[in-house]
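J.: Let me begin by handing over the structure; questions about it come next.
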Amino acid sequence: MAIKASEISDLIKSRIEKFQSTTDARNVGTVITVTDGICRVHGLADARYGEMLEFPGNTFGLALNLEQDSVGSVVLGEYKHISEGSTVKTTGRILEVPVGRELLGRVVDSLGNPLDGKGPIKTTKTAPIERVAPGVMHRKSVSQPVQTGYKAIDSMVPIGRGQRELIIGDRQTGKTALAIDTIINQKGSGIKCIYVAIGQKQSSIANVVRKLEEHGAMDHTIVVAASASTPAAMQYIAPYAGCTMGEFFMDNGEDALIIYDDLTKQAWAYRQISLLLKRPPGREAYPGDVFYLHSRLLERSARVNEEYVEKTTQGKVKGKTGSLTGLPVIETQAGDVTAFVPTNVISITDGQIFLEGDLFNAGIRPAMNAGISVSRVGGAAQTDIIKKLGGGIRLALAQYRELAAFSQFASDLDAATRRQLELGVRVTEVMKQKQYAPMSVAEMALTLYAVNNGYMDKVDRKKVVDFEAALQAFARSNHAAALKAINDKPVLKEHEAALKKIIEDFVQTGAY
Amino acid sequence: MADKSTIARPYAKALFGVALEHKKLGPWAQTLALSAEVVSDERMKKVLASPLIAPAQLADVLLEILDAAAPGGLDEQGRNFIRTLAANRRLGLLPEIAALFGRLKAEWENTADVTVISAVPLDETLQRRYAEAMEKRLRRQVRLHCKVDPAVLGGAVLRADDLVIDGSLRGRLERLAAEVGQ
């Protein structure tokens, strides 16, 4: 970015003019030890928990351990220039990050500094990274959907605005792909997205950003990146920073979606900090408060009512609810959901989407295990048409799984069982969906209607995917108006005839 | 590893209690300051750290030095205190104990030590004004210690324990640099 010399001098001039030189009285301490980004500071008797500490060289730290004679703190960023005897000052401030619409389309670090080389971010507001979640009186139950664009998810484990739905699975099972597709599908829905990348490779983050840009999804997205090479402290605070940026939209009566990818690595970073601070290790060497680490974060995802929005905006926004939907990601090791962090996060969230390596390798993508994936509150938010059509899908799959195991032992099966098995196979096939190809409600309804009402029974099981693709293409080119009508008012009763007509037209004329 | 002053605190508290009971705060402060200086000596540090010397011997060595430095400065209680420290191998903590004792004493006497660092020596009136201002703020009797450091450039830095009031030109320039550099 090129700045003219005159602009620089203007900038400096305005800074100097704004500079208020007050004689400040501050609490001061001296560094005793510096080890792996952890500083033990003697003195600082007035430091508060979680307060920002000022180290020499414009470096800041976070006071995390308040002991009798010393303060244990983590340095946010580079710590090589801090040595024994360096003076540390209290600032009287809790760690804050910039918030606002200006952040949309940008890639920032855990402190809100730009990483994308697109110049400074001109935000006017900041907010503390730790905040108490909205209370019971300020909340409203989940009633509007977040469309992920995946048939399997929107029909079987629907997500509502303000819900917390966990995405859990082994490495390489499509967790991030699911999250990214969800962001892409929010284009035009008004939902602002925040993607928090924690402990990931820089190359993966760059890849995600590029894909979002390619699909025009960066305009409504903020990426908070704390890659594997950033200090543990930055990885630890990244989700809180992202959450604060998301809360800004919630507080202003808008809807936002935040993805924490992934909280396992954040727990690792926190474990590292805790062990270096000499907090006693517990199960799997995590500190005692690792549950609280995630519960206080996920509790901040909420749907807030009109009064809350009116109060936080001082009456500027009236009659609007706000929401922050949370999609935390957890990586399991060899499918072990009984490990410490997965069980914790499963119990905190309002449901989970379970991705399995075996399904993924069998070509069933998204590799969601429909049996153990649930959404505890999303049903109330589902659109009418998907709710009615999706009910049968879940049941068919459940019965199919039961019979599939049973049928392996039986040589000849009665007609009813065979029919059930055939349907199960077709439903499994039809639930497959490519990456970067999110579907609208109408498109989903069309597919679900076709499989539910036996239009695919005569289709060879290997041809089901082709049949569906051809059906969708046919509907898009010949019945665009009908699809639009469904998207505008997704009620099954009004559109059942239209759906039927599209499919029957296709069966008569279409080729696949 | 616990902090040195964490270990020193119980000793300092116990000693303060004894000194208060016998109204010997002043003499004790002097003794502690002296012994702290002795154990801070490099040669003495080596002796203290040596595992070859028995604790009782260490106590004797230290007591001999103290007697020579300030004859009659130590009574029986003082000797016992040094022996207790030696028996627990805590003679090395004497500087911390002295500092904590000093702080307890200042708190009890309602006084505070304030250091003023200025670029040029302060005259009487200025010193008095600083002392008065600090007395008002800390609500304590203030003992003013003046230091001259040309690096301050102008103004003064006041220091009372952890509290630092930076009214120096240098501090202001540093803050300005941080502001502009952002």
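The values are calculated or read from the model by the stated rules, or taken from the named source; none is laboratory data. Computed from a prediction, not measured in an experiment: that's the story for all the values here. Heads up, the Cβs are rebuilt from the backbone with ideal geometry, glycines too, and the neighbour counts pull from every protein chain shown.
J.: Could you please give the count of residues in the range A:403-442 that are among the acidic types (Asp, Glu) and surrounded by 13 or more Cβ atoms within 10 Å (Cβ to Cβ)?
T.: Within the range A:403-442, the subset among the acidic types (Asp, Glu) is A:412, A:414, A:422, A:429.
With the extra rule that they be surrounded by 13 or more Cβ atoms within 10 Å (Cβ to Cβ), the set shrinks to A:422, A:429.
Looking only at that region, the number is 2.
J.: Got a sec? Which strands (runs of 3 or more DSSP E) wholly within the range A:52-101 have at least 3 residues that are within 14 Å of chain B (Cβ to nearest Cβ)?
T.: Numbers: elements: A:59-66, A:70-76, A:87-94, A:96-99.
Here the list reads A:59-66, A:70-76, A:87-94.
J.: Free of Cβ contacts under 8 Å to residues at least 40 places away in the same chain, under 22 Å from the mean Cα position of the chain (by Cα), more than 22 Å from A:Lys192 (Cβ to Cβ) and buried (at least 16 other Cβ atoms within 10 Å of the Cβ): which single residue out of A:Leu293, A:Leu275 fits that description? Quick ask: steps written out before the conclusion?
T.: On the way: A:Leu275 fails: under 22 Å from the mean Cα position of the chain (by Cα).
Step by step, each of A:Leu293, A:Leu275 is checked, and only A:Leu293 is free of Cβ contacts under 8 Å to residues at least 40 places away in the same chain, under 22 Å from the mean Cα position of the chain (by Cα), more than 22 Å from A:Lys192 (Cβ to Cβ) and buried (at least 16 other Cβ atoms within 10 Å of the Cβ).
Residue by residue, here is whether (1) over 22 Å from the mean Cα position of the chain (by Cα); (2) under 15 Å from A:Val377 (Cα atoms); (3) buried (at least 16 other Cβ atoms within 10 Å of the Cβ) holds:
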| site | (1), (2), (3) |
| --- | --- |
| A:Val309 | yes, no, yes |
| A:Thr313 | yes, no, no |
| A:Lys316 | yes, no, no |
| A:Gly319 | yes, no, no |
| A:Leu327 | no, yes, yes |
| A:Glu331 | no, no, yes |
| A:Asn344 | no, no, yes |
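J.: Shifting gears a bit: Select from the range B:128-155 the residues that are within 14 Å of B:Asp113 (Cβ to Cβ) and not basic (Lys, Arg) and list them in ascending order.
T.: B:Tyr130, B:Ala131, B:Met134, B:Glu135, B:Leu138, B:Gln141, B:Val142, B:Leu144, B:His145, B:Cys146
J.: In the set A:Val75, A:Val28, which member is out of contact with any helix residue (DSSP H, G or I) (no Cβ under 9 Å at 6 or more places or on another chain), closer than 21 Å to B:Arg175 by Cβ and touching a residue at least 60 places away in the same chain (Cβ under 8 Å)?
T.: After applying the criteria, what remains is A:Val28.
J.: Separate question: Suppose we filter A:Ile346, A:Ile353 for residues that are in a strand (DSSP E or B) and under 11 Å from A:Ile168 (Cα atoms); which single one remains?
T.: A:Ile353
J.: Can you tell me which of B:Val142, B:Val157, B:Val120, B:Val164 is within 21 Å of the chain's Cα centre (by Cα), away from chain A (no Cβ under 12 Å) and hydrophobic (A, V, I, L, M, F, W, C)?
T.: B:Val142 is the lone residue from the list that is within 21 Å of the chain's Cα centre (by Cα), away from chain A (no Cβ under 12 Å) and hydrophobic (A, V, I, L, M, F, W, C).
J.: Could you tell me whether any residue of the range A:3-23 is within 25 Å of A:Tyr236 (Cβ to Cβ) and either surrounded by 12 or more Cβ atoms within 10 Å (Cβ to Cβ) or modelled with pLDDT of 90 or more (or both)?
T.: Taking the range A:3-23 and keeping what is within 25 Å of A:Tyr236 (Cβ to Cβ), we get none.
Scanning the range A:3-23 turns up no residue that is within 25 Å of A:Tyr236 (Cβ to Cβ) and either surrounded by 12 or more Cβ atoms within 10 Å (Cβ to Cβ) or modelled with pLDDT of 90 or more (or both).
J.: Scan the range B:20-74 for residues that are surrounded by 12 or more Cβ atoms within 10 Å (Cβ to Cβ) and among the hydroxyl-bearing types (Ser, Thr, Tyr) and jot them down.
T.: Hits for the range B:20-74 are B:Thr31, B:Ser35, B:Ser40.
J.: Could you tell me which numbered condition B:Ile53 fails, if it satisfies all but one of (1) among the β-branched types (Val, Ile, Thr); (2) touching a helix residue (DSSP H, G or I) at 6+ places or on another chain (Cβ under 8 Å); (3) part of a helix (DSSP H, G or I)?
T.: Just one mismatch for B:Ile53, condition (3).
J.: Kindly evaluate A:Pro128 against the criterion of being surrounded by fewer than 18 Cβ atoms within 10 Å (Cβ to Cβ) and within 14 Å of chain B (Cβ to nearest Cβ).
T.: The answer is no for A:Pro128.
J.: List the helices (runs of 4 or more DSSP H) inside the range A:403-512, counting only whole elements, that have at least 1 residues being modelled with pLDDT of 95 or more and on the phi > 0 side of the Ramachandran plot.
T.: Helices (runs of 4 or more DSSP H) meeting the threshold: none at all.
J.: For the range A:78-90, what are the residues that are within 18 Å of B:Ile165 (Cα to Cα) and surrounded by 17 or more Cβ atoms within 10 Å (Cβ to Cβ)?
T.: Once the filter is applied, which keeps residues that are within 18 Å of B:Ile165 (Cα to Cα) and surrounded by 17 or more Cβ atoms within 10 Å (Cβ to Cβ), the range A:78-90 yields A:Ser86, A:Val88, A:Lys89, A:Thr90.
J.: What pairs come out if I take residues in the range A:138-164 that are more than 22 Å from A:Asn252 (Cα to Cα) and in contact (Cβ under 8 Å) with a residue 40 or more places away in the chain and pair them with residues that are surrounded by fewer than 24 Cβ atoms within 10 Å (Cβ to Cβ) and among the charged types (D, E, K, R) whose C-beta lies under 7 Å away, six or more apart or interchain?
T.: A:Met156/A:Arg394
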